[in-house]
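In what follows, a structure is listed as C-alpha coordinates, so that the remarks can point back to it.
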Amino acid sequence: MHGGALTGWLLMALCAVSGAYCLLRTRAGTPRERRTARSEALMGFGMAAMAVPAAVLSPPDWAWAVYAVLFGAAALRALRPALRGGHHLHHLVGSLAMVYMAVAMAPGATGSGGGGHAGHGADAGAGGIPLLTGALLVHYAFYVLGAAGRLLPGTVMLPATGAVRAPRDPGGFGGASDGLSGLTAACRLTMGIGMFTMLLAL
(Lines give C-alpha, C1' and ligand atoms only; values in the text may rest on other atoms or scores of the structure.)
Protein backbone atom coordinates (compact mmCIF):
# COMPACT_ATOMS: atom_id res chain seq x y z
CA MET A 1 0.00 0.00 0.00
CA HIS A 2 1.26 3.46 -0.86
CA GLY A 3 0.85 4.59 2.76
CA GLY A 4 3.64 2.23 3.85
CA ALA A 5 3.97 -0.95 5.86
CA LEU A 6 2.26 0.49 8.94
CA THR A 7 -0.89 1.20 6.93
CA GLY A 8 -0.77 -2.32 5.53
CA TRP A 9 -0.46 -3.88 8.99
CA LEU A 10 -3.30 -1.76 10.35
CA LEU A 11 -5.57 -2.63 7.44
CA MET A 12 -4.67 -6.32 7.74
CA ALA A 13 -5.52 -6.33 11.45
CA LEU A 14 -8.85 -4.53 11.00
CA CYS A 15 -9.94 -6.79 8.14
CA ALA A 16 -8.85 -9.94 9.98
CA VAL A 17 -10.81 -8.93 13.10
CA SER A 18 -13.84 -8.10 10.96
CA GLY A 19 -13.56 -11.46 9.20
CA ALA A 20 -13.28 -13.29 12.53
CA TYR A 21 -16.37 -11.52 13.88
CA CYS A 22 -18.32 -12.40 10.73
CA LEU A 23 -17.20 -16.01 11.16
CA LEU A 24 -18.65 -16.01 14.67
CA ARG A 25 -21.95 -14.73 13.25
CA THR A 26 -22.25 -17.87 11.10
CA ARG A 27 -23.05 -19.85 14.27
CA ALA A 28 -26.41 -18.18 14.83
CA GLY A 29 -29.30 -16.60 12.98
CA THR A 30 -31.42 -17.64 10.03
CA PRO A 31 -29.93 -19.50 7.05
CA ARG A 32 -29.96 -16.25 5.09
CA GLU A 33 -28.12 -14.39 7.87
CA ARG A 34 -25.53 -17.17 8.17
CA ARG A 35 -25.00 -17.12 4.40
CA THR A 36 -24.46 -13.35 4.51
CA ALA A 37 -22.02 -13.73 7.41
CA ARG A 38 -20.01 -16.35 5.50
CA SER A 39 -19.72 -14.03 2.50
CA GLU A 40 -18.55 -11.18 4.71
CA ALA A 41 -16.06 -13.42 6.52
CA LEU A 42 -14.57 -14.47 3.18
CA MET A 43 -14.31 -10.82 2.16
CA GLY A 44 -12.65 -9.82 5.44
CA PHE A 45 -10.04 -12.58 5.38
CA GLY A 46 -9.37 -12.04 1.67
CA MET A 47 -8.76 -8.33 2.22
CA ALA A 48 -6.52 -9.10 5.21
CA ALA A 49 -4.41 -11.45 3.08
CA MET A 50 -4.04 -8.84 0.34
CA ALA A 51 -3.04 -6.17 2.88
CA VAL A 52 -0.05 -8.06 4.36
CA PRO A 53 3.06 -5.92 3.67
CA ALA A 54 5.05 -7.56 0.87
CA ALA A 55 8.30 -6.84 2.71
CA VAL A 56 7.14 -9.47 5.21
CA LEU A 57 5.34 -11.92 2.93
CA SER A 58 5.43 -11.64 -0.84
CA PRO A 59 2.75 -13.92 -2.30
CA PRO A 60 3.69 -16.35 -5.09
CA ASP A 61 2.59 -15.42 -8.60
CA TRP A 62 -0.19 -18.02 -8.62
CA ALA A 63 -1.80 -16.52 -5.49
CA TRP A 64 -3.43 -13.75 -7.54
CA ALA A 65 -5.08 -16.33 -9.80
CA VAL A 66 -6.41 -18.09 -6.69
CA TYR A 67 -7.86 -14.81 -5.41
CA ALA A 68 -9.48 -14.14 -8.79
CA VAL A 69 -11.05 -17.61 -9.02
CA LEU A 70 -12.18 -17.63 -5.37
CA PHE A 71 -13.91 -14.27 -5.52
CA GLY A 72 -15.17 -14.91 -9.04
CA ALA A 73 -16.99 -17.93 -7.62
CA ALA A 74 -18.27 -15.76 -4.75
CA ALA A 75 -19.56 -13.21 -7.28
CA LEU A 76 -21.43 -15.92 -9.21
CA ARG A 77 -22.95 -17.14 -5.95
CA ALA A 78 -24.02 -13.59 -5.06
CA LEU A 79 -25.52 -12.87 -8.49
CA ARG A 80 -29.01 -14.22 -7.88
CA PRO A 81 -29.52 -12.65 -4.41
CA ALA A 82 -28.16 -9.37 -5.83
CA LEU A 83 -31.23 -9.11 -8.05
CA ARG A 84 -33.15 -8.22 -4.87
CA GLY A 85 -30.88 -5.19 -4.44
CA GLY A 86 -29.81 -3.71 -1.10
CA HIS A 87 -26.85 -5.25 0.69
CA HIS A 88 -26.88 -8.31 -1.60
CA LEU A 89 -25.93 -6.04 -4.49
CA HIS A 90 -23.08 -4.65 -2.42
CA HIS A 91 -21.80 -8.21 -1.84
CA LEU A 92 -21.70 -8.74 -5.60
CA VAL A 93 -19.84 -5.46 -6.16
CA GLY A 94 -17.39 -6.36 -3.40
CA SER A 95 -16.62 -9.78 -4.87
CA LEU A 96 -16.12 -8.30 -8.33
CA ALA A 97 -13.88 -5.59 -6.84
CA MET A 98 -11.71 -8.28 -5.25
CA VAL A 99 -11.40 -10.06 -8.62
CA TYR A 100 -10.49 -6.76 -10.24
CA MET A 101 -7.79 -5.97 -7.66
CA ALA A 102 -6.33 -9.48 -7.90
CA VAL A 103 -6.04 -9.17 -11.68
CA ALA A 104 -4.66 -5.62 -11.47
CA MET A 105 -2.00 -6.58 -8.91
CA ALA A 106 -0.94 -9.82 -10.62
CA PRO A 107 2.59 -9.91 -12.09
CA GLY A 108 2.55 -8.83 -15.72
CA ALA A 109 -0.77 -7.01 -15.48
CA THR A 110 -0.94 -3.94 -17.70
CA GLY A 111 0.02 -0.83 -15.79
CA SER A 112 0.79 -2.75 -12.61
CA GLY A 113 4.49 -2.03 -12.68
CA GLY A 114 5.31 -5.73 -12.67
CA GLY A 115 2.74 -6.76 -10.11
CA GLY A 116 1.57 -5.30 -6.87
CA HIS A 117 0.40 -6.05 -3.37
CA ALA A 118 -1.64 -4.02 -0.95
CA GLY A 119 1.35 -3.82 1.39
CA HIS A 120 4.09 -3.17 -1.14
CA GLY A 121 4.90 0.32 0.02
CA ALA A 122 5.97 3.35 -2.00
CA ASP A 123 7.56 1.32 -4.80
CA ALA A 124 4.25 -0.24 -5.85
CA GLY A 125 3.24 0.82 -9.33
CA ALA A 126 -0.21 2.06 -10.26
CA GLY A 127 -2.41 -0.63 -11.75
CA GLY A 128 -5.93 -1.22 -12.95
CA ILE A 129 -8.20 0.81 -15.20
CA PRO A 130 -8.51 4.37 -13.86
CA LEU A 131 -12.16 4.76 -14.87
CA LEU A 132 -13.19 1.47 -13.25
CA THR A 133 -11.10 2.16 -10.15
CA GLY A 134 -12.74 5.58 -9.89
CA ALA A 135 -16.23 4.10 -10.20
CA LEU A 136 -15.50 1.61 -7.42
CA LEU A 137 -14.06 4.36 -5.24
CA VAL A 138 -17.27 6.37 -5.69
CA HIS A 139 -19.34 3.30 -4.79
CA TYR A 140 -17.37 2.66 -1.61
CA ALA A 141 -17.29 6.33 -0.65
CA PHE A 142 -21.11 6.41 -0.70
CA TYR A 143 -21.28 3.03 1.03
CA VAL A 144 -19.01 4.19 3.86
CA LEU A 145 -21.00 7.39 4.32
CA GLY A 146 -24.25 5.41 4.38
CA ALA A 147 -22.85 2.82 6.81
CA ALA A 148 -21.51 5.55 9.09
CA GLY A 149 -24.92 7.22 9.08
CA ARG A 150 -26.54 3.96 10.17
CA LEU A 151 -24.39 3.99 13.31
CA LEU A 152 -25.90 7.29 14.45
CA PRO A 153 -28.64 7.09 17.12
CA GLY A 154 -31.89 5.97 15.51
CA THR A 155 -34.21 8.11 17.65
CA VAL A 156 -33.40 11.80 18.00
CA MET A 157 -35.14 14.53 20.00
CA LEU A 158 -35.56 17.55 17.71
CA PRO A 159 -34.47 20.59 19.76
CA ALA A 160 -36.81 23.14 18.16
CA THR A 161 -40.06 21.22 18.61
CA GLY A 162 -39.30 18.57 21.19
CA ALA A 163 -40.63 15.99 18.73
CA VAL A 164 -39.13 12.54 18.47
CA ARG A 165 -37.95 11.44 15.06
CA ALA A 166 -38.69 7.83 14.11
CA PRO A 167 -35.88 5.27 14.21
CA ARG A 168 -33.83 4.79 11.06
CA ASP A 169 -34.75 1.99 8.70
CA PRO A 170 -31.85 -0.46 8.96
CA GLY A 171 -32.16 -1.56 5.34
CA GLY A 172 -30.83 -0.03 2.19
CA PHE A 173 -27.49 1.08 0.78
CA GLY A 174 -24.78 1.09 3.40
CA GLY A 175 -27.07 -0.43 5.97
CA ALA A 176 -28.56 -3.85 6.44
CA SER A 177 -31.59 -5.79 5.52
CA ASP A 178 -31.29 -8.35 8.29
CA GLY A 179 -31.72 -6.36 11.51
CA LEU A 180 -28.00 -6.11 12.13
CA SER A 181 -26.51 -5.01 15.45
CA GLY A 182 -24.33 -1.97 15.96
CA LEU A 183 -21.24 -4.18 16.05
CA THR A 184 -22.16 -5.78 12.73
CA ALA A 185 -22.74 -2.35 11.22
CA ALA A 186 -19.32 -1.23 12.50
CA CYS A 187 -17.77 -4.37 11.00
CA ARG A 188 -19.27 -3.57 7.59
CA LEU A 189 -18.15 0.04 7.87
CA THR A 190 -14.60 -1.12 8.64
CA MET A 191 -14.50 -3.40 5.59
CA GLY A 192 -15.93 -0.62 3.42
CA ILE A 193 -13.16 1.73 4.54
CA GLY A 194 -10.62 -1.06 3.98
CA MET A 195 -11.82 -1.66 0.43
CA PHE A 196 -11.72 2.06 -0.32
CA THR A 197 -8.14 2.23 0.98
CA MET A 198 -7.04 -0.78 -1.07
CA LEU A 199 -8.54 0.66 -4.24
CA LEU A 200 -6.64 3.90 -3.61
CA ALA A 201 -3.43 1.85 -3.47
CA LEU A 202 -3.90 0.41 -6.97
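Using a simple spin-label model with pseudo-atoms 7 Å out from Cα toward Cβ, Leu152 and Ser181 lie 2.5 nm apart.
For the stretch 1-77, the square roots a ≥ b ≥ c of the C-alpha gyration tensor eigenvalues yield an a/c of 1.5 or more together with a/b not exceeding b/c, which makes the shape oblate. The 3J(HN,Hα) values that the Karplus relation (6.51, -1.76, 1.60; θ = phi - 60°) gives for the stretch 22-35 are, in residue order, 5, 5, 5, 5, 6, 7, 9, x, 6, x, 5, 5, 5, 5 Hz. Gly and Pro appear as x.
Amide hydrogen proximity for Ala106: with H placed 1.01 Å from N in the peptide plane, the residues at 5 or more positions away or on another chain lying under 5 Å are Gly116.
Exposure check, 1.4 Å probe, all protein chains in place: Arg77 carries approximately 140 Å² of accessible surface. Amide H to amide H, with H built 1.01 Å from N, Leu202 comes under 5 Å of no residue 5 or more places away or on another chain. For the stretch 193-202, the Karplus equation 6.51 cos²θ - 1.76 cosθ + 1.60, evaluated at θ = phi - 60°, returns couplings of 5, x, 5, 4, 5, 5, 5, 4, 7, 5 Hz by residue, with Gly and Pro reported as x.
What's the extension gain from Leu132 to Arg38 if we count 0.36 nm per residue and subtract their Cα-Cα distance?
31.2 nm
When peptides 181-193, 89-101 are ranked by their average number of other Cβ atoms within 10 Å per residue, the highest-first order is 89-101, 181-193. Relative protection proxy for 46-54, 144-152, 7-15, from highest mean packing down: 46-54, 7-15, 144-152 (other beta-carbon atoms within 10 angstrom). Between Leu70 and Leu23, the FRET efficiency from the beta-carbon distance, with R0 = 25 Å, is close to 0.95.
The values are calculated or read from the model by the stated rules, or taken from the named source; none is laboratory data. Note that this is a predicted model, so its numbers are computed, not measured. Cβ: placed from backbone, ideal geometry, glycine included. Neighbour counts: every protein chain shown. Surface accessibility is based on the protein's heavy atoms, side chains included, excluding ligands, DNA and RNA. Shrake-Rupley method; radii C 1.70, N 1.55, O 1.52, S 1.80 Å.
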